[in-house]
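The values are calculated or read from the model by the stated rules, or taken from the named source; none is laboratory data. Since the model is a prediction, treat every value here as computed from it, not as a measurement. Glycine also receives a Cβ, built like all others from the backbone with ideal geometry; neighbour counts cover every protein chain displayed.
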Amino acid sequence: MSTQQTVYRLTGPSPDLSGVRQFTEEIPVPSKWEVLLEIKALSLNYRDIVISNGTYPFPVGKNVVPVSDCAAVIKTMGESVDGFKVGDRVVVAFDGTNQYGPQRDWNHGHGGPVDGFLRRYAVVPAVALVKIPESSKLGYPQLASLVCTGTTAWNSLFGPLAIRPGQTILVQGTGGVSMTVLILAKAFGCTVIVTSSSDDKLKLVKEKYGADFGINYKKVPKWGEEAHRLTGGVGVDVVIENGGVGTIEQSFQAIKMGGMIALIGFLAAPQGQIPDVTGLTLGKSAIVRGIAVGAKQYLEELVEFVCARGLEIPVDKVFPFEEALEAYRYLQSGSHVGKVCIEV
């Protein structure tokens, strides 16, 4: 095996991705409690876009290796590592210091404050790993998509306020989190409503992924009222809110009394007056819960659930490692339905 590898690093923020550059570096050697991973696939998130352009609101390290989500094979191990073997397929928790419970800070997430995985090899503490069952037939891009996106989706649905079969879930758009929530919620016996600006995408998610209802929010700007109508005037149990201040008022319109909004993103700009979230929350006796990815515990539960049921995590397109920046640009375009991945 060569002693050197290609590594991408963020040398500085830029809207055109010019700050993400390739370097040749030494392949690291694991200490006694660490493993050397051969990266097989990576999965991009909107977080990777805003980190690269300098608009991420949380800490970012200097010259950091981007991308938090990878699936890998253990190449070598330190002598004190237990519970794994060379050749095991694994994924790495978003924040290896957060084993269980709520996120404690934003100082240890891969691809932001600490080096991520847009490289061919990486050394990580064994405690950050989740082993993939040998029986699982999921490919590496799908496995990589479980890390940040999958854990966020699982935390939204099965965290401290777990959903129940028969409930109705609304997801905004057809990106990675929304599509993963769709797959998980349907497997759990829930009804799912999807919003999108594209009738073609809504048709696809119904026919291919089993969405129950679709709402084109360009044609139906008051989509919250339409979601209320689709539930017989009751409202949905949970909204997966990735628009933020620009869409949250409609999310409140959509939920039933006592419903929950899982706030995971900030994609939509406000339209006119900023919504009175306090008044809206009180008016619906609602729960608004911020989702900060989730602990390794949730990733372990997700891997077990997905692999046991053979669920197919939606992957829209896979790019080769050498075309990583093209993968970024494709994600930026908003053309995807599901995850955008990179194969190493």
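Of all the residues that make up the range 103-135, how many are basic (Lys, Arg) and assigned to a strand (DSSP E or B)?
So the count comes out to 2.
Residue-wise test of (1) in contact with a Cys (Cβ under 9 Å, 6 or more places away or on another chain); (2) crowded, with 17+ Cβ neighbours inside 10 Å; (3) at pLDDT 95 or above.
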| site | (1), (2), (3) |
| --- | --- |
| 272 | no, no, no |
| 281 | no, no, no |
| 285 | no, no, no |
| 301 | no, yes, yes |
| 312 | no, no, no |
| 323 | no, no, yes |
| 330 | no, yes, yes |
| 336 | no, yes, no |
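Is it the case that some residue within the range 38-47 is in a strand (DSSP E or B), surrounded by fewer than 19 Cβ atoms within 10 Å (Cβ to Cβ), at pLDDT 95 or above and not basic (Lys, Arg)?
Looking through the range 38-47, at least one residue is in a strand (DSSP E or B), surrounded by fewer than 19 Cβ atoms within 10 Å (Cβ to Cβ), at pLDDT 95 or above and not basic (Lys, Arg).
Kindly indicate which of 306, 277, 245, 238 is assigned by TED's automatic domain parsing to the domain that holds residue 199 and at pLDDT 95 or above.
Selected residue: 238, the only one of 306, 277, 245, 238 that is assigned by TED's automatic domain parsing to the domain that holds residue 199 and at pLDDT 95 or above.
Yes/no per residue for (1) more than 15 Å from the chain's Cα centre (by Cα); (2) under 27 Å from residue 103 (Cα atoms); (3) hydrophobic (A, V, I, L, M, F, W, C); (4) modelled with pLDDT under 90:
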position	(1), (2), (3), (4)
266	no, yes, yes, yes
288	yes, yes, yes, no
293	no, yes, yes, no
297	yes, yes, no, no
333	yes, no, no, no
343	yes, no, no, no
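Which is in a helix (DSSP H, G or I) and surrounded by 24 or more Cβ atoms within 10 Å (Cβ to Cβ), of 195, 174, 151?
On the way: 195 fails: in a helix (DSSP H, G or I); 174 fails: in a helix (DSSP H, G or I).
One residue alone meets the criteria, 151.
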